[in-house]
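Contents: one structure, followed by commentary.
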2 protein chains.
Amino acid sequence: MTAPWTDRFADRMTHIRASEIRELLKLLDQPDILSFAGGIPDPALFPTERIQAVCAEVLEQTGAQALQYSVSEGLPELRRWIAARMTADGVPCDEGTIVITAGSQQALDLIGKLFLNRGDVVLAERPTYLGALGAFNAYEPAYGDLDSEVPASARLAYVVPDFANPSGRTMPRRERERLLERAEAHGLVLVEDAAYRDLRFAGTAEPSLLALDVARSGGIEAARTLYCGTFSKTLSPALRLGWVCAPQAVIDKLVLLKQGCDLHVSTINQMVAARVIAEGYDAHLERLRAHYRTRAAAMQDALARHMPLGVTWSKPQGGMFVWLTVPEGLDGAQLLEAALAEERVAFVPGAPFFATDAQATTLRLSYSLPGPADIDEGVRRLARVIAARLAYAGSNAAWAATGRA
Amino acid sequence: MTAPWTDRFADRMTHIRASEIRELLKLLDQPDILSFAGGIPDPALFPTERIQAVCAEVLEQTGAQALQYSVSEGLPELRRWIAARMTADGVPCDEGTIVITAGSQQALDLIGKLFLNRGDVVLAERPTYLGALGAFNAYEPAYGDLDSEVPASARLAYVVPDFANPSGRTMPRRERERLLERAEAHGLVLVEDAAYRDLRFAGTAEPSLLALDVARSGGIEAARTLYCGTFSKTLSPALRLGWVCAPQAVIDKLVLLKQGCDLHVSTINQMVAARVIAEGYDAHLERLRAHYRTRAAAMQDALARHMPLGVTWSKPQGGMFVWLTVPEGLDGAQLLEAALAEERVAFVPGAPFFATDAQATTLRLSYSLPGPADIDEGVRRLARVIAARLAYAGSNAAWAATGRA
């Protein structure tokens, strides 16, 4: 039964809909399934013991502060540490340009809340991160393709320049520069989602969009790029700690919105994170990179070994994802159904990651959780599912070619 | 310098403004000031040692889960515990009617996001909680007085029925029932902010609005009241843990919005809270009530002893606040200025707590932080400031009455 009073709010209630893919994801990580579906970090990499020791320290020494309300912009020492990291990464700035958010998901929500009115156009890559669409959708924008002509109503461009979720792709420097030029020409805000930036395990680092922007425009206060960082992929997603680095005029507004949304990020979580990262953070990142490098290599090997001709895939230099493209005529969602039923292997179909003009022949594979042996076995099974469909499509095509269709 | 690109977003940027009173509050809790300004719980009451022990346990036993992503609706065991409490408090329900939020502040934001379109009218008490206005303002509603005629564009009524912030007032049962009748007649959603409900230290408990609603409508699924609870006043604000109890059809939508906003509340914080409250929670609440009972009594005594004739104040049966009304002609904001300069005593002027038709002759005093001796001394000083203005106003009035004005 649903209360009849909700009828009056039907316009609002029906506007909010579950993402099919998120509902699906809940089913994919069952224990008997070899899964490339989840995009979550390997918990074996969490610095659990260190967090436990620091938790005890913080509560012992500063419990009254750690358990009390705190300011909406976030803990000053955490913001200073982040500002120093940003500075070292080519973005000279101080803590006034940093707001702490509940993961980078909240950064995207606050940015949507500040900059989007209903019907404004958000430009996104094809494919793009599903969770960003989830954050922006609440403000009822329209979407456009980042690579097409920029419509007059475009306000904001959202990009994941490093080892993108879902494509694993890294945007080359020249493309970053062109994007900044276009953003300037069309008066766009650029949202740089840097969720995986610290997880480069191959190749040479590209400057962040914000670093290039600062270099062009002369300083962070003139920059139009809002950089969204997070500790979710490097420390622990459960602490819900991310940040935005942007001109202070923008940060000040985001802080006010943050205050209205949830006052502030958990004080104790901020204090614990600030102490954990104060020592040995770079060595910790090296361990993560080594881990994901091994897993990524195992997946590249397995794909090369098992996949039939006509299947192509990305070769990420960091992050957690490989993007697979299967020949025309196959469909990611149908492949998933078959893969689960016939081979007990899971992945995420690519179509939901498109804000515009979905491409059904795509799949997202994550190598963050399974070990190398499972990666090989899972890819072998997936290859079998794809090969069977290709053979069927091939025989159908041959059959059609005989003129008896 | 502000980036020229922000000009294009001036409509959005100027819409978001700092609340003067929040800016002011930052200045009021200096160590040399006797302050009745802060509305925060006494940190001496935080169960710090227990939280520390449980933190260690949770990380030791279930670190991989505690530090990982979790579901947007919140930890099942925490939601079940809350549902059982709600059931015991007159609202038969299960965990499907509960979503965990980042404090009740986020509950208010999500409710605004779900139900408010620009220009919709929100009805509020006079005075009302400033933070609720902060949450709703992002959706650009208009405000109306809960006690006046209900306009056709009214969508939502927001109330704090128990020991309200800032008034300390408790809504009598008959008024609660009338409010439900009016909400039904006008198709309103009722938002019940129960932030202080567990802190009753005198008198007899009134049924919650949601309990009365469920009794009238036949069950939670037909209820139009959205109950917002929190652990911020009872356990620790820093954990950022609150909840909404409402029909499942509404909860399902709030969960989707929550997912877009920040994915979920900190997993470890939820796990720690669930364990901490599993044992001895009622005894803990009794300690809190005894503490606030003593402080409230000290303030009532001091007010009766020191305040000049013509000043009146509320006598709360719970919570943290006394609401003071001074004679016409005096002004809360001017009194604060004088109180800080002349007597080093602080409080919050009442005017900002009005969504409509502000009453300048009001002050909010909190007794949560100062001890009984400081309460007496602070009230004595404040009374001196008021008495001086009254004498001055009186002499002016006498002067005016002589016809020489």
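The values are calculated or read from the model by the stated rules, or taken from the named source; none is laboratory data. What you see is a predicted model; the values in this text were computed from it and never measured. Please note: Cβ atoms are built from the backbone with ideal geometry, for glycine as well, and neighbour counts cover all protein chains shown.
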Does segment A:282-292 contain at least one residue that is outside any strand (DSSP E or B), surrounded by fewer than 19 Cβ atoms within 10 Å (Cβ to Cβ) and either modelled with pLDDT under 95 or among the hydroxyl-bearing types (Ser, Thr, Tyr) (or both)? no
Only one of A:Leu130, A:Leu78 is surrounded by 18 or more Cβ atoms within 10 Å (Cβ to Cβ), closer than 28 Å to B:Val265 by Cβ and at pLDDT below 95, namely A:Leu130
Every residue from segment B:256-269 that is at the interface with chain A (Cβ under 9 Å from one of its Cβ atoms) and part of a helix (DSSP H, G or I): B:Leu256, B:Leu257, B:Gln259, B:Gly260, B:Cys261, B:Asp262, B:Thr267, B:Ile268, B:Asn269
When residues of segment A:311-337 are filtered for being closer than 16 Å to A:Arg380 by Cα and surrounded by fewer than 16 Cβ atoms within 10 Å (Cβ to Cβ), how many remain? 1
For B:Ala157, are the conditions met, namely being in the same structural domain as B:Ala202 (by TED's automatic domain parsing), of a type outside the set (Asp, Glu) and either buried (at least 21 other Cβ atoms within 10 Å of the Cβ) or in a strand (DSSP E or B) (or both)? yes
Given the structure, is B:Ala215 of a type in the set (Gly, Ala, Ser), out of contact with any Cys (no Cβ under 7 Å at 6 or more places or on another chain), under 14 Å from B:Gly90 (Cβ atoms) and not in a loop (DSSP other than H, G, I, E, B)? yes
Looking at segment B:324-331, is at least one residue in a helix (DSSP H, G or I), at pLDDT 95 or above, in the same structural domain as B:Pro31 (by TED's automatic domain parsing) and among the β-branched types (Val, Ile, Thr)? no
So is A:Ile277 within 13 Å of chain B (Cβ to nearest Cβ) and assigned to a helix (DSSP H, G or I) or not? no
Residue hits (segment A:183-193; charged (D, E, K, R) and either part of a strand (DSSP E or B) or touching a strand residue (DSSP E or B) at 6+ places or on another chain (Cβ under 8 Å) (or both)) are A:Glu192, A:Asp193
Test A:Gly134 against the stated conditions and say whether it is away from chain B (no Cβ under 14 Å), in contact (Cβ under 8 Å) with a residue 24 or more places away in the chain, of a type in the set (Gly, Ala, Ser) and not in a strand (DSSP E or B). no
Any residue in segment A:173-189 that's within 14 Å of another protein chain (Cβ to nearest Cβ) and hydrophobic (A, V, I, L, M, F, W, C): show its pairings with residues that are in a helix (DSSP H, G or I) and buried (at least 16 other Cβ atoms within 10 Å of the Cβ) at Cβ separation under 7 Å, as long as the two are six or more apart or on different chains. A:Leu180/A:Leu209; A:Leu180/A:Leu212; A:Leu180/A:Asp213; A:Val189/A:Phe115
Matching residues in segment B:82-106 - criterion: being of a type in the set (Ser, Thr, Tyr) and farther than 15 Å from B:Ser208 by Cα: B:Thr97, B:Thr101, B:Ser104
I'm checking my understanding of the structure. Among residues of segment A:235-253 that are out of contact with any Cys (no Cβ under 9 Å at 6 or more places or on another chain) and within 14 Å of A:Ala274 (Cβ to Cβ), which one is nearest to the other protein chains (Cβ to nearest Cβ)? A:Ser236
